[in-house]
Amino acid sequence: MSECQENTFTTCSTSSERPRSCRTQCLICKNVYTDPKILPCLHTFCLDCVRSLQQFSVPRTRGEGESGSGGSLDCTESAACILCPVCDYEVHVPAAGLRGLTSNHLILNEVLLESLKRSDCRIVCDLCNDGNAERRCHICSTNLCDFCSKAHRRQKMTAAHNTVALRDLQGGNERLVQPIICSAHPAEELRMFCETCDRLVCRDCCMVDHRGHNCDFIASVISKHGSFIRELLKQTQPHIGALQETLQKIANARQLVQERLGMMAKEINNFTDGYIRALENHRNQLLKELEELRAQRENSLNLQQIQLDQILADMRTGVDFTEHLLTSGSHVEILLTKCVVVNRLKQLNKIGYSTHPGEDDGMQFQPQERAGQCDGFEVFGIIVTKAVDPSKCVLQGEGLHVARQDQSSEFVLICNDQSGKQMGRGGESIRVSIFNKKNKECSLKTKLQDNHDGTYCFTYTPLVSGSYVGCVCVKGQHVQGSPFTIAVTSKFRKHPGIFHCCTFCSSGGQKDVRCGCRGTMPGGYQGCGHGHKGHPGQLHWSCCGMLTENSECSGTLNGNTYQSLVRTVAL
């Protein structure tokens, strides 16, 4: 807004004394717009408010395809840009400064119209700048006092202009239009449009700065440029519907997410509450079981104590009576009571009793063991009353003493309690090691499998043949048979020959073919034959003479004989 326009009207009271339309109120200062400027993002703020944003300016990042900020802006690049406080759009500060931003004359007209509707507003005449404006000429877009209005009608050029009383405009919604003055020539109004520079100009501008340019009156070019803007608007409007639909979908999705999260939270709370109740019930069951175990063991120990106290009292009675008889009684008295004393002492000596307490502290709580179902939830933790006795644990299995190189072998540990009964549960602390007898650094990797029934399976694969030593410890103590020795033999030797009835049949009657059974035939035959010397009388391997088909080869013949025999059979 130019200086002459800024003084067009003044108000008698501050702008904060009564509510205003949001269209005429700056979003930053919350007051009526003063010199409103349009940012490239089409948000409008007061010039002073935009200047206050410069302290938050950031260095400009240049990129390809950047366009100018507006029709009236100099496109010269600047070194910094400010951020729109509404949409964070980067606004490149023009080279001419922030005053070079496009002014929002629509807002200025609305501010003027709103001021006319206020009873405390005093509008000054645009011609004399002294009297109060009473009428307005729409053609000239000027406010006139009563004297200037009469003079306006008397002039030949403006005699046909119609004027309207300002009081009539105060009650209607008619749009006011103010003339836009050229900033370079304040006496001229912007009535021309330069197609070459794509900007509004005045008549003086056409003669000076825009001489030779394609300039025309606004009325002649508004149709073309208005159509172009309408076409762009037509292309932009569908995005609003698409974005609103998408935002509605997002709102619906957010509602569904919130509802689903609420349901899940309820499910989690119900599950957790149920699980907590199940754990509390399981805890109560364990404590009840523990109390029953305490009562049972105390009763057992009390009963054993009562029995042993009675036996001790009987023993003391018999011993005291006999000692007193032997020390104080006469020979006649001793012989007289001999039968009674002897019988009693024999009875006392025959009484059997245990020298160990009937109960011990061999019980523990194992939280990792499954305890079954409680109120529909699987719970863990059991009370174990039997303790494993390493001296009663035994080792079993073929892999305990023999193994094959590069072949998997295994053996089993059976854990028993003090009475020799199998534990029936797992979870014991077991340590196993298998190492070479000659080289203790050469140890075998052993896989331990807990069967959860008191048995444990050990699997190992020796890579080198030789003698190995194995150790199995339960609770740090060796079990029965530990340590033990494992003899690892070489790889299983397959039979290179054939499993035949005799050499004569398998070779087709060749004389130089031999057999691992060492049998021969008359007539120069070096191999075996049915019913002849050395023939085992049944099927056997030609390479070693073994009678079992699924057996390891002992390799008594050399490789040439094998190849000769195989070649003969193939022919």
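The values are calculated or read from the model by the stated rules, or taken from the named source; none is laboratory data. Everything quoted here is computed from the prediction, not taken from an experiment. Heads up, the Cβs are rebuilt from the backbone with ideal geometry, glycines too, and the neighbour counts pull from every protein chain shown. Side chains are part of the model used for accessible areas, which takes the heavy atoms of the whole protein and leaves out ligands, DNA and RNA. Shrake-Rupley method; radii C 1.70, N 1.55, O 1.52, S 1.80 Å.
What ranking, highest mean first, results for peptides 95-105, 339-349 when packing means the other Cβ atoms within 10 Å averaged over each residue?
Ranked from most to least packed, the peptides come out as 95-105, 339-349.
Rounded to a whole number, what % of the accessible area of the chain do carbon and sulfur atoms account for, probe 1.4 Å?
Answer for the chain: carbon and sulfur cover 54 percent of the accessible area.
In the chain, with Lys and Arg counted as +1 and Asp and Glu as -1 at Cβ, which of these residues, 36, 313, 132, has the Cα nearest the positive end of the dipole, that is, farthest along it?
Toward the positive end, the furthest listed residue is 313.
Quickly work out the residue 191-to-residue 450 label distance, labels modelled 7 Å from Cα along the C-beta direction, and quote it in nm with one decimal.
Modelled inter-label distance: 10.2 nm.
Under unit Cβ charges (Lys, Arg +1; Asp, Glu -1), what dipole magnitude, rounded to 20 debye, does the chain have relative to its Cα centre?
Magnitude of the dipole: close to 1780 debye.
In Å², and per residue, what accessible area does the chain have when probed at 1.4 Å with the other protein chains present?
Value returned for the chain: 64 Å² of accessible area per residue.
In nanometres, what is the gap between the two model label sites at residue 365 and residue 268, each 7 Å from Cα along Cα-to-Cβ?
About 2.9 nm, to one decimal.
The stretch 464-537 to the stretch 394-443: how many Å between their Cα centroids?
29
What nm value, rounded to one decimal, do you get for the distance between residue 443 and residue 162 when each label is placed 7 Å out toward the C-beta?
It works out to 11.1 nm between the two label points.
May I ask which residue of 553, 413, 218 lies farthest towards the positive end of the charge dipole of the chain, with charges of +1 (Lys, Arg) and -1 (Asp, Glu) on Cβ and the Cα centre as origin?
553
Suppose every K and R has +1 on its Cβ and every D and E has -1 on its Cβ; what is the size of the dipole of the stretch 319-397 about the Cα centre, in Debye to the nearest 20?
The dipole of the stretch 319-397 has a size of about 560 debye.
Which FRET efficiency value, to the nearest 0.05, do you get for residue 489 and residue 290 by plugging their Cβ-Cβ distance into 1/(1 + (r/R0)^6) with R0 = 41 Å?
Computed FRET efficiency for residue 489 and residue 290 comes out at 0.20.
Residue 183 to residue 83: extension gain in nm, 0.36 nm per residue of separation minus the Cα-Cα distance?
Value of the extension gain: 33.3 nm.
Where in the stretch 429-459 does the label zone of residue 477 land, with the point 7 angstrom along Cα→C-beta and an amide N cut-off under 20 Å?
Of the residues in the stretch 429-459, 429-433, 454-456 have backbone N under 20 Å from the label point off residue 477.
At a Förster radius of 56 Å, what calculated FRET efficiency corresponds to the Cβ-Cβ distance of residue 283 and residue 435, to the nearest 0.05?
The formula returns an efficiency of 0.80 here.
Counting only the backbone N, which residues of the stretch 82-106 are under 18 Å from the spot 7 Å out from the Cα of residue 56 toward its beta-carbon?
Within reach of a label on residue 56: 82-93, 98.
Of (i) 2.11; (ii) 0.97; (iii) 2.35, which one was derived for Cα Rg over 2.2 N^0.38 Å from the structure shown?
(iii)
Among the chymotrypsin sites (Phe, Trp or Tyr not before Pro) within the stretch 337-426, which fall in a DSSP loop and have no more than 13 other Cβ atoms within 10 Å of their own Cβ?
353
Rounded to the nearest 500, what is the chain's calculated 222 nm mean residue ellipticity when only DSSP H runs of at least 4 contribute -39500 (n - 2.57) each, over all residues?
Mean residue ellipticity, 222 nm, calculated: -11000 deg cm²/dmol.
Let me know the number of lysine pairs in the stretch 443-530 closer than 22 Å at the Cα, not counting same-chain pairs under 8 apart.
The number of close lysine pairs in the stretch 443-530 is 4.
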